[in-house]
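A short reminder: the numbers here are calculations on the coordinates, not readings from a lab. Quantities reported herein were computed from a predicted structural model and do not represent experimental measurements. Positions of Cβ are generated from backbone atoms using ideal geometry, with glycine treated the same way; all protein chains shown enter the neighbour counts.
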Amino acid sequence: MPEVVISHISSGVAETGGYRQEQSLLKALSNFYNSKGWTVTSQTKRAHRFYKGIAHLTLLWHGFVRSNADINIVVWRMALPAILRNLLVRNHKILIPVHHYDEREITGMAGRVYFKTLMWILSKIHFSNVALISLSSSWNEYFNRLLNGKNAVFMYPTLLSIRNYASHKVTQKINRIYLGQYSSKKHPDIYIIANELTALGYQCYFSTLDKKQEGKFDSYEVKYMSYQEYLEWMAQSKYTICFSGINEGWNRVAHESILVGTYVIANNAGGLGDLVRESGSLMAHSVDDIIRFVVANSIPELNESFIERYDEQHTSLWLKPITDFLNIEATLNS
C-alpha cells in the first residue's frame, strides 16, 4: 500500500480564516489520498507565536527543517527556505498559500522585501515541484500575472458546508449590527459608522479571537464568544458590515453571514470585493453608502449559485487541478 506524508507548516497564535483555509486544504488532500487507498500521515507543524525583528529568522529555520514531507503546505513567510531545502528532492512538493498581499498590513520592511524576493524568484525560475495557492478569483489573476506563467498558481477557496449553517437562521432580526472581527485590518471609518448607527438606535458589536480585547465602549461592544454563540449573534443581526482597510484575500465573516441569512454590506477590497460581486451583496464605497443601506433596510438580490459554488460538496472539483499537479504516485515511483 503506498504511503504519503502531508505537512502544514505555519505560524501564528489565532485560528484566522487563512489558517482554517490551509487546514481545509490539508484535510482535503488527506481525504483524497485516503480514498485512493493510500496510507496518509497528516500533520500540522505550527509555531504558535509571533516573531518580530531578527526573530523572524526563526521562521526561516522552521521552514527549512520542517519541509521534509512528500507534500508541504508552507505559508509564504517560510516558503523560500522550504524551496531551497527541496531543490534536489523533486518528489517533495511545495504548496504555498498566499491569500493576499498588502503593504499596509505587512508594515515591516523585512517582510515586504522578503515577499518581493520570493515573488521575483518564482517569476524568473521554474520549479516543477512548487505551486502557489490563492484564495479568490482576483488574487488568482494577480498572482498569475505576477509569476508570468513561470510557476503554477491554483485557486482553492474557502469552502463551507451549507447545512452546518442552516440551523442558525432566524426569521426575527434584532436591531443589531455586526461590524466584523475586531482587527487592525478594519478601515478606520468603521468607528464613525459605529457612532452613527448607535445614535440611530442600533446595537453595534465586533467579535474577537483574543479575550483580552473584550469590552464595552461608547458606541460598540467587542465580544469574545464561542463559535456557536458567534453564529447565533450574527444570524440575529440585521446586517454584517465588512469595511476593510486592506485588500483582503477573502472574508470568512462575510461568507458565513450570508450562510446564516444575514445580509452583508462591504467595500471593494481585494477578495472581499469578489465575494460581494459574486454573492450579489451590497457594495459600499463610503460611510454614507453604509448608513444609507442600513436606514433603508436595503435587501440585496443574493445569487444562490454563489452559496452552491463554495459549498464543501464541491471540494473535489477545486482540488483536482492541485492533485493533478502533485501527481504523487508518479513522482514517488520515479
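Cross-link partners for Lys116 among the lysines, with Cα-Cα distance under 20 Å and sequence neighbours closer than 8 places in the same chain left out: Lys52, Lys124, Lys150.
Using the Cα gyration tensor of region 1-101, with a ≥ b ≥ c the square roots of its eigenvalues, what is the shape: rounded (a/c below 1.5), prolate (a/b larger than b/c) or oblate (neither)? Note, shape of region 1-101 comes out oblate. Expressed to the nearest 5 percent, the antiparallel share of DSSP beta bridges inside region 122-243 is 10 percent.
Taking every C-alpha pair closer than 8 Å and separated by at least 6 residues, the mean separation divided by the residue count of region 54-175 gives a relative contact order of 20 percent. Taking a ≥ b ≥ c as the square roots of the eigenvalues of the Cα gyration tensor of region 163-309, is the shape rounded (a/c under 1.5), prolate (a/b larger than b/c) or oblate? Rounded, because the longest to shortest axis ratio a/c is under 1.5.
The gain in end-to-end length when the Thr41 to Lys150 segment is fully stretched comes to 36.2 nm, 0.36 nm per residue minus the alpha carbon separation. Counted over the chain, the DSSP beta bridges are approximately 5% antiparallel.
Look at where the Cα atoms of region 92-141 and of region 24-38 average out, and the two centres are 25 Å apart.
Counted by Cβ distance under 11 Å from Tyr224, the other residues give a net charge of -1, where Lys and Arg count +1 and Asp and Glu count -1. Annotation for Ser128 and Lys27: the two label points, set 7 Å from Cα along the Cα-Cβ direction, are 3.4 nm apart. Taking Cα centroids, how far is region 194-240 from region 257-334 in Å? Distance between centres, Cα-based: 23 Å. DSSP beta bridges confined to region 163-309 are antiparallel in about 15 percent of cases.
Quickly estimate the mean residue ellipticity at 222 nm for the chain, helices only: each DSSP H run with n ≥ 4 gives -39500 (n - 2.57), and the total goes over all residues, rounded to 500. My calculation for the chain gives -12000 deg cm²/dmol from helical runs alone. Excluding same-chain neighbours fewer than eight residues apart, the lysines reachable from Lys27 by a Cα-Cα span under 24 Å are Lys36, Lys45, Lys93, Lys320.
Each label was represented as a point 7 Å from its Cα along the Cα-to-Cβ direction; for Asp324 and Glu304 these points are 3.1 nm apart.
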